[in-house]
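Step one of this worksheet: look at the structure below.
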Amino acid sequence: MSSTSHKQYHDKNYPAKRFVEVHFCDDSFPLINESMEFPLEQIHKAIDSGVVKGNTLIDFSIGASANHLIAACNGFKDIYVVEVNEVNINEFEKWRQSKEDAVNFSYGAKVLHKLEGGREAWHVKEDKARQAIKGVIKWDISNDDQVPVDLPQADCIISIYVLNAISKDKDAYQSNLKKLTSRLKIGGSLLLFSPINMTFYEVDDHKFFILTFDEDFLKQAVIKAGFVIEHVNVLPSKKNCELVDYDALIHLRCRKERNI
């Protein structure tokens, strides 16, 4: 199957719940320590050390996942979640409202509980994250240049994997990165996560498009967007998995130097 025939993240029938359940919920996914635990640990370290701080956070990440927000709420009292399609928003809102059919993120909350040395009960951490979320905002940045009026300027932006899923080519990635980070204050932090040399991800026997690029491209894209890179962490994939095919995951912690 060629990448042009892969399904798209924008599809109105995107399998929002299944995607998160398969790739981000528990250790039934063989790479959960990479896909979910790696970003959660890096966010925890950045906030717990005081390197990243502020009042307002924008999250723009793949799928209706809340794991990393459970870590982020320790440093930010106002969190705004940005999504590109309604199906992910609807699924995320189920978790936010504690509905019975919501995705279960207790595995991630328990991972963070261990990272913190048991400071707070894991279920308390989930409730704290729910309370910190001040808005869930639809913004398809790949198709809409207009910034939503209810999306404030932020002290930090977290983006996990989603720019790869919505950008049709490298020029689009650069443009989408620039649009997203226009909402970041000068001096603010970008916590960016991306797969390296990935060509697809799979949900229930359907392959989905992902933009393929290497580490050098990502670093240059961030610099062109007006950032200085303060920290790089590359996690090589330790095993093969039929559901994804990346070589490594990379985390960049960047400081916004100027508007572009």
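Classified by the C-alpha gyration tensor, the chain has a rounded form. Its axis ratio a/c, with a ≥ b ≥ c, is below 1.5. What shape does segment 42-158 take by its C-alpha gyration tensor, where a ≥ b ≥ c are the square roots of the eigenvalues and a/c under 1.5 counts as rounded, a/b above b/c as prolate, and the rest as oblate? It comes out oblate by the Cα gyration axes. Compared with the direct C-alpha span, the chain from Q8 to S182 gains 60.1 nm at full extension, assuming 0.36 nm per residue. Each DSSP beta bridge with both residues in the chain is either parallel or antiparallel, and the antiparallel ones are about 55%. For K114 and K77, a Förster radius of 25 Å and the Cβ-Cβ distance give a FRET efficiency of 0.55, rounded to the nearest 0.05.
Read-outs throughout are calculated quantities, based only on the coordinates presented, and are distinct from any laboratory measurement. None of the values given here were measured: they were computed from a predicted structure. Methodologically, a virtual Cβ is constructed for each residue, glycine included, from the backbone with ideal geometry; neighbour enumeration extends over all protein chains shown.
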